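Notes for the one structure printed next.
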Amino acid sequence: MSAQQRTKRETTMAEKQELSVREKKELVAKEEKTIPGRYYVPYADIHETDDALAVVLEMPGVEKKDLDIALENDVLRVDGQIDFTKYKDMEPVYTEYNVGHYARSFTLSNKVDREKISANLEDGVLTLTLPKAKHAQPRKIAIG
Amino acid sequence: MALLMDPFDALTSFQQALDAYRTSGWLDSSVSGGGAYPPVNVFRKGDDFIIIAEVAGVKKSDLDVQVKGRTIRLTGAKTVSYPDKSALHRRERLAGKFDRAVTMPVDINPDGVKAEYRDGVLALFLPRAESEKPKSIKVA
């Protein structure tokens, strides 16, 4: 993919629209949380290429060290904690959004190579790259 | 917010405090209203104010902050990109431009304004102008 193609695609995605605000969605978990504080569902994009699936999650305010990514029984669980000690001695006078931890789970299919999952956190956006297992990658069949 | 002592209660009470101030009319008389992106929270710390905005996915280089008088203007653009030849299974993240102004109720010292951007959160430290600081009057 050339740099030019990439730029073009980014521009189309960005469009010239104004960004709007959406209310954060509170997490409705199957199991109860044992730590206090509300959880929110991070916005996610999922896209797939020939050799990998990517899950992109928006978790503003979560530091690398407070991020927990676990894979258990086909479920990939992402948990991001907010370090609220930063808000110490700060008195809210006007607020438009609430601050809380983030959690979201994804069920994986068997086409993901579990050993090779990688994660990258940048500007509050977590990108999980899930490479496809060899058997799940597309193959060209030559006609004999 | 004097309850910040107990680490287990602190977040809950902080979240409640944030909720209590939602829809408060603090900035109503100004030109900026609610509903604009990015959403902001305004805090007071001592004499000074702190504005915090969540702008996950916006690059530092795409973020611009201007201060003029009592007004702080936040402009920028957020791009969401996908690799070529990819199939989209889920698309919740939004991209676009934003331009927002927040007017403070007191004069701020423009030279003392500091901006920090980390992990998708923008924090602006706005020191109150010297002329706005309360003066103690000695009772003769």
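What follows is calculated from the coordinates using simple rules that are stated; it is not laboratory data. Bear in mind that the values here come from a model prediction, so they are computed numbers and not experimental data. Note: ideal-geometry Cβ built from the backbone for every residue, glycine included; neighbour counts use all protein chains shown.
Couple of notes before you dig in:
- The modelled label-to-label distance between B:F125 and A:H135, using points 7 Å beyond Cα along the C-beta direction, is 5.7 nm.
- The trypsin sites (Lys or Arg not before Pro) of the range B:41-129 that meet both conditions, a loop assignment by DSSP and at most 10 other Cβ atoms within 10 Å of the site Cβ, are B:K85.
- Among A:F106, B:F49, a tally of other beta-carbon atoms within 10 Å of each Cβ gives an order, fewest to most, of A:F106, B:F49.
- Only Lys, Arg, Asp and Glu carry charge here, each on its Cβ (+1 for the first two, -1 for the last two); on that basis the range B:75-134 has a dipole of about 460 debye about its Cα centre.
- Ranking A:M90, A:V56, A:I117 by how far each Cα lies toward the positive end of the dipole of chain A (charges on Cβ) leaves A:I117 at the top.
- Per-residue [θ]222 nm for chain A (sum of -39500 (n - 2.57) over DSSP H runs n ≥ 4, rounded to 500): -2500 deg cm²/dmol
- Counting all C-alpha pairs of chain A, share separated by more than 27 Å (%): 37
- Of all lysines in the structure, the ones whose alpha carbon falls short of 29 Å from that of A:K24, not counting any fewer than 8 places away in one chain, are A:K16, A:K33, A:K64, A:K65, A:K86, A:K88, B:K45, B:K59, B:K60, B:K78, B:K97, B:K114.
- Residue order, fewest to most beta carbons within 10 Å, for A:H47, A:H101, B:H89: B:H89, A:H47, A:H101
- Estimated distance in nm for a label pair at A:E18 and B:N109, the labels positioned 7 Å out from Cα along Cα-to-Cβ: 3.5
- Neighbour counts of C-beta atoms inside 10 Å place A:S118, B:S136 in the sequence B:S136, A:S118, starting with the fewest.
- FRET E, pair A:L108, A:K64, Förster distance 22 Å, beta-carbon r, rounded to 0.05: 0.45
- The simple Förster model, with R0 at 45 Å and r as the Cβ-Cβ distance, assigns B:D64 and B:A140 a FRET efficiency of 0.35.
- About its Cα centre, the range A:33-136 has a charge dipole of approximately 340 debye under the convention of +1 per Lys or Arg Cβ and -1 per Asp or Glu Cβ, with nothing else charged.
- Counting Cβ atoms of other protein chains within 10 Å of each Cβ in B:12-19 and taking the mean gives 5.
- Model label points for B:D84 and B:D48, set 7 angstrom from Cα along the Cα-to-Cβ axis, are 4.8 nm apart.
- Helix A:3-14 axis, angle to chain A major axis (alpha carbon atoms, nearest 10°): 50
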